[in-house]
Structures are given as C-alpha cells and as structure tokens.
Amino acid sequence: MTVIEPHEVVSCLDQDKAAADGQAIVQLMFIDADLMPVGTGRPRFHEVTYPDRSLFNGIAALHQGLAHGEDELDLESSLIRLVTLLLARHADAPGAASPTLRPRALRQVREMLHSQLNSNIKLDDLAAVAGCSKRHLIRSFRQAYGVPPHHYRTLLRLARAKSMLTAGRSVAETAAELGYCDQSQLNRHFRREFGMSAGGYARTVR
C-alpha cells in the first residue's frame, strides 16, 4: 500500500512499472481533510509503502464497491474506518479525540435514518444534523448504539425487508421500495447479515 502526503508528486513506483512492463495502472484515493482527526497537527507518514495486507484488502474492496455503485453511506463509512486503521497503525501525531456527542444530536441522526430509510443519505447529511465532523459522528454513534450509522441503517432496512418478504412482496419490489439500487445489492446485504439471500429467506417463510 502506497501513501502519498499532500503536495507530493504522484508517480508509479519502480516495482509497479516493472510488473506492468512500464505501463502500470494505478488507482488513487484522495482523502478529504474532514476525514482526518482533529488535534494538534496533521498526521505524518515516514514511509512511502506499507506492507499491510488487511488494509490493502479493505481498500481494494472499497474500490470494487465504488466501481459497482454501492451505497454512498456504506462506502464513505468504510473509507473512514480504513483511514482510522491507517492512522492508528502507521502515522505519527494522530491528534486528540473529540468528546462524545450529546444524546439529543445522536437521537436526531437516528430519527433521520428511520424517517428516510429509502433515501440515499450521505454521511455529510448526517454530520450536518449532528453538527460535527463525520469521524466524530461515527465514533459517537457507535458508542451510543453499538454500530456505526451505515450499519444501523442496513439493519433497519433488512428488518423492514423481512417483514415485506414475509407479507409476500417480491425481492425486486422490496429492494426498490427500500432504496437499494437492485435486488442483487439487497441479496448481498441479506447474505452478509443472515447467511442467506433475500429470495432464500422468502422461500422459508411462505
């Protein structure tokens, strides 16, 4: 995994060029400053490359999710989790932690997730309601409710999906009504949480 500091020139490493006969294709991910921790100074990286397989796999999965049009809230939350791991493992001066959000702000975020279950809510929208940074929101929400906002919303959607499928709605109808881009996305989330597809679940309850 290669980390480039702000204002540094981006170029392919020699080993990447050699592996691709001098024509390497590199996927870059530019990190918004709002995703970095607030503290006494900007985190610093003293190396260019880091042999971190789990982080590499996480970033590769994130690129794949972007290419497949996965849900923005899920993708951005995954990005923040990966950035947090990157800083904790490899950076100096990670910054000071912020205090937990007040319960009222967290309730407002939760109410937004409940009321806009079929909307493509972004992490920016939730952070604006809470009046804090996206990193701070994720950390505080997890402390209060046990899971980050994107996972909380997924659990809400899947609970509703179970009810709809039990009532005889099709997988395609359920996916569309709950804001999934298609039924395959619903199936992926369903299988991740319950070990079976939405269609498989429907067959067991009818």
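The values are calculated or read from the model by the stated rules, or taken from the named source; none is laboratory data. Computed from a predicted model, the values in this text were never measured in an experiment. Virtual Cβ from ideal backbone geometry, glycine too; neighbours counted across all protein chains shown. For accessibility, only protein heavy atoms count, side chains too; no ligands or nucleic acids. Shrake-Rupley method; radii C 1.70, N 1.55, O 1.52, S 1.80 Å.
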Can you give me the number of residues within the range 167-182 that are assigned to a helix (DSSP H, G or I) and touching an Asp or Glu at 6+ places or on another chain (Cβ under 9 Å)?
-> 3
Any chance Q185 is among the polar types (S, T, N, Q), within 23 Å of R81 (Cα to Cα) and out of contact with any Ser or Thr (no Cβ under 6 Å at 6 or more places or on another chain) | yes
Kindly indicate the residue of the range 171-205 that is open to solvent by 60 Å² or more (accessible area, probe 1.4 Å) and in contact (Cβ under 8 Å) with a residue 40 or more places away in the chain and also farthest from D74 (Cα to Cα) among those meeting that condition.
-> E177
Inter-residue pairs, beta-carbon under 7 Å, first in contact (Cβ under 8 Å) with a residue 60 or more places away in the chain and in the range 79-90, second not aliphatic (A, V, I, L, M), 6+ apart | H90/F45; H90/Y50
Taking the range 128-150 and keeping only residues that are without any contact (Cβ under 8 Å) to a residue 24 or more places away in the chain and either open to solvent by less than 40 Å² (accessible area, probe 1.4 Å) or hydrophobic (A, V, I, L, M, F, W, C) (or both), one is left with A128, V147
For R153, state whether it is buried (at least 20 other Cβ atoms within 10 Å of the Cβ), in contact (Cβ under 8 Å) with a residue 60 or more places away in the chain and at negative phi.
-> yes
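Collect the residues in the range 166-206 that are small (G, A, S) and either in contact with a strand residue (DSSP E or B) (Cβ under 7 Å, 6 or more places away or on another chain) or under 16 Å from R153 (Cβ atoms) (or both), keeping them in residue-number order.
Start the filter on the range 166-206 by keeping residues that are small (G, A, S), which leaves 167-168, 170, 172, 175-176, 179, 184, 195, 197-200, 202.
Once the filter is applied, which keeps residues that are small (G, A, S) and either in contact with a strand residue (DSSP E or B) (Cβ under 7 Å, 6 or more places away or on another chain) or under 16 Å from R153 (Cβ atoms) (or both), the range 166-206 yields A175, G179.
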